Amino acid sequence: MDASSRIARLNADRELLAALDAASSIFSLEVTGDPPDRYTLTFRGKGLGRDAAASSDVTVIELHQIDLRMPYAYPASPPDIRWITPLWHPNVSFSGFVNPADIGLVWTSEMPLDLVCERLWDVARGQFLNLNKATNYAAKNWFEKECTYQLPLDPRSLRDGGGARSSSNVVRYERRAGQGVQFAGAAAIGDVMFIDENTPTPQMPARQPYIPSARRRPRSGDDVMYIGPE
């Protein structure tokens, strides 16, 4: 792959991961490089960790960070993956390195990075274990003989639809002739309605008798909106 194609791929990767960030309350990232060739990936959810001391207990942890680097040969070669935070997992080495093949990713140059992130989340929460390709044999033996946790520890999908949200629950509707519906930030012109937790619930509109379509007559001048339970 020539330099311009590699740059285009790196920029496309950044857009994919930004979209994943927006679609997830679990995932976030920090970007390094222009074009971006290194990421710090953060996953917030339950997994298992163990201190370096051999006698320490395996405990639930809720923060996972990964260093993801694109080598010079990327995307012909896979990214370098290293867990920064401790993770107790048979396919993550003591030093944190992960071979994509060990976690079921048969690398091709077309594989998108958001798919890699989804698999890393499965590794973090214990959804994915490959005991036949263990690089941490102590963890392999522990999962085979001692694990009493129900896996996965975190049931959420990475794309949980819980990305960044506004802290306000106020809905602003603004009707402007010829311009459709405008939202927060639009100029205060025309009819504006604010709905928040202090807005009283209106009376349920009376149900009208059914009139066959052939006998219906349109009514002009009626703007009706009802928000509430059925």
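A short reminder: the numbers here are calculations on the coordinates, not readings from a lab. Predicted model only: the values in this text are computed from it and were never measured. Here the Cβ positions follow ideal geometry from the backbone for every residue, glycine too, while neighbour counts run over all protein chains shown.
Worth pointing out:
- Computed E for Arg69/Glu146 - FRET, C-beta separation, R0 41 angstrom, nearest 0.05: 0.75
- Neighbour counting of Cβ atoms within 10 Å sorts the residues Ser24, Ser93, fewest neighbours leading, into Ser93, Ser24.
- Taking θ as phi - 60° and the Karplus parameters 6.51, -1.76 and 1.60, the scalar couplings of the stretch 33-44 work out to x, 9, x, x, 10, 8, 9, 9, 9, 10, 10, 10 Hz in sequence order, x denoting glycine and proline.
- Positive-end extreme of charge dipole, the stretch 3-145 - chosen from Ser24, Pro100, Ala8 (charges on Cβ): Pro100
- Computed about its Cα centre, the charge dipole of the stretch 3-145 is approximately 320 debye, with only Lys, Arg, Asp and Glu carrying charge at their Cβ.
- Cβ-defined net charge surrounding Ala76, 12 Å radius [Lys, Arg +1; Asp, Glu -1]: 0
- Residue order, fewest to most surrounding Cβ atoms within 10 angstrom, among Asp122, Asp57: Asp57, Asp122
- Here the residues Leu29, Leu48, ranked from fewest to most Cβ neighbours within 10 Å of their Cβ, fall in the order Leu29, Leu48.
- The label-point distance for Ser77 and Asp34, in a model that sets each label 7 Å from Cα toward Cβ, rounds to 2.7 nm.
- For the stretch 78-83, Karplus couplings with θ = phi - 60° (6.51, -1.76, 1.60), whole Hz, Gly/Pro x: x, x, 8, 10, 9, 6
- For the stretch 2-53, the gyration tensor built on C-alpha atoms gives an oblate shape. Its axis ratio a/c (a ≥ b ≥ c) is at least 1.5, and a/b is not larger than b/c.
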